[in-house]
Amino acid sequence: MRRQPSRSQPGGEPPAPTGSLFATDGRPHPLQEVLMVVAGALGVLAFVAGMFHHLHLLSSWAGLVGLLVGAYGQYISKTTWQRFAFIMSIGSAGVGFLLGMAHGGLFGGVIT
């Protein structure tokens, strides 16, 4: 009977579990993590500000920038956790952006 080769990674470490939301490749990704935090903060800001009619400038601009940052982060993401966080950020930024546009838009009341 032939023994199957070990599936451990180089260095004798056991393989990372797969199928988890927090699955990672074990390497640091500082750019993606910073973009996740920025996109998440802009998404929450846009979503909350979109609930108030008089904050349409803040919600529309924060939502637009959050959408762009989230889309770029999604493009360069490496792990499932990063992709999940970017999709959640893009969703909240999109809702905030659309509410801000409905309440007055990017330049509503500023440029006449």
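Listed peptides 27-34, 86-93, 56-63 appear in the order 56-63, 86-93, 27-34 once ranked by packing, highest mean of other Cβ atoms within 10 Å at the front. Per residue, the accessible area of the range 46-112 comes to 56 Å², computed with a 1.4 Å probe over protein heavy atoms only. Just to verify a number: FRET efficiency for TYR75 and VAL48, C-beta to C-beta distance, R0 = 41 Å, to 0.05? Efficiency, from the Cβ-Cβ distance: 0.95.
When you count the other C-beta atoms within 10 angstrom of each residue and take the mean per peptide, 65-76, 35-46 line up highest first as 35-46, 65-76. Given a 1.4 Å probe and every protein chain left where it sits, what share in percent of the accessible area of the range 21-101 is carbon and sulfur? Solvent-exposed carbon and sulfur of the range 21-101 make up 78 percent of the total. For the range 55-97, the residues whose amide N sits under 12 Å from a probe point set 7 Å from the Cα of THR24 along the beta carbon direction are 79-82.
The values are calculated or read from the model by the stated rules, or taken from the named source; none is laboratory data. All values derive from a computational prediction rather than experimental measurement. Glycine also receives a Cβ, built like all others from the backbone with ideal geometry; neighbour counts cover every protein chain displayed. Only protein heavy atoms, including side chains, enter the accessible area calculation; ligands, DNA and RNA are left aside. Shrake-Rupley method; radii C 1.70, N 1.55, O 1.52, S 1.80 Å.
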